[in-house]
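Quick notes on the structure that follows.
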Amino acid sequence: MSKKPKEGVTRLLQQVDEGQDEAFADLIELVYEDLRGVARRRMRNRFGERIDQLTLQPTMLADDALMELKRQHVTFQNSEHFFAIATRMILRMITDYQRSRMAQKRGGGNRGVSIDENRDAVEADTPLHTTATMGADVRDALAELHELDPRKAEVCVLHTVAGMSLPRVAELVGVSLPTVERDWRFAKAWLASRVTRESNG
């Protein structure tokens, strides 16, 4: 990352820490490609050329890191501190994924998922980042959506967690606004259906 973007990241980090609402969306717009790049490199270091065969993908790791960064409300010193923490989060997620795969190979079953506590937020179209915590329940549901349709999950995270408008999401993802609007409608309906199914199960 060049000096100018680094300075931009540091400035936005300060604004996020000061509670400026639009700063987090601006920050993610600036660093999102770099987060995906970090995830891709770390996955390639760990799995080699097999990464294309895994359910875990760099975009999913970047989105999870984004959610965790939002949830933790960390005060970052500068851009280097931001990326150091984000990288540690991504490495931890990769390790968790490996452990999960090993447990499944040993016959361990998937743990139950309950996202009932977030049903109102999903059904009311309330941004997920306004909930007090981003629990493993919502992350599991979004992980399922990532496997079903990575772009729709990416649109959902950028819109609800990063707080980006749909036009800005369209620019960042690289598709048309009508496509993003359809993706968001699908993601919202899918999550609401997922919540209802789990709560009734």
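The table below gives the values:
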item: Mean Cβ count within 10 Å, highest first, over the residues of peptides 16-25, 59-68, 80-89; result: 59-68, 80-89, 16-25
item: Rg(Cα) / (2.2 N^0.38 Å) computed for region 27-67, rounded to two decimals; result: 1.14
item: Heavy atoms of VAL175 accessible to a 1.4 Å probe, total area in Å² rounded to 10; result: 40
item: Top positive-direction residue, dipole computed over region 18-99 with Cβ charges, set PHE47, LEU30, ILE85; result: PHE47
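The values are calculated or read from the model by the stated rules, or taken from the named source; none is laboratory data. Everything numeric here is computed off the predicted structure, so don't read it as measured data. Every residue, glycine among them, receives a Cβ derived from its backbone with ideal geometry; neighbour counts consider all protein chains shown. Side chains included, ligands, DNA and RNA excluded: accessible areas come from the protein's heavy atoms. Shrake-Rupley method; radii C 1.70, N 1.55, O 1.52, S 1.80 Å.
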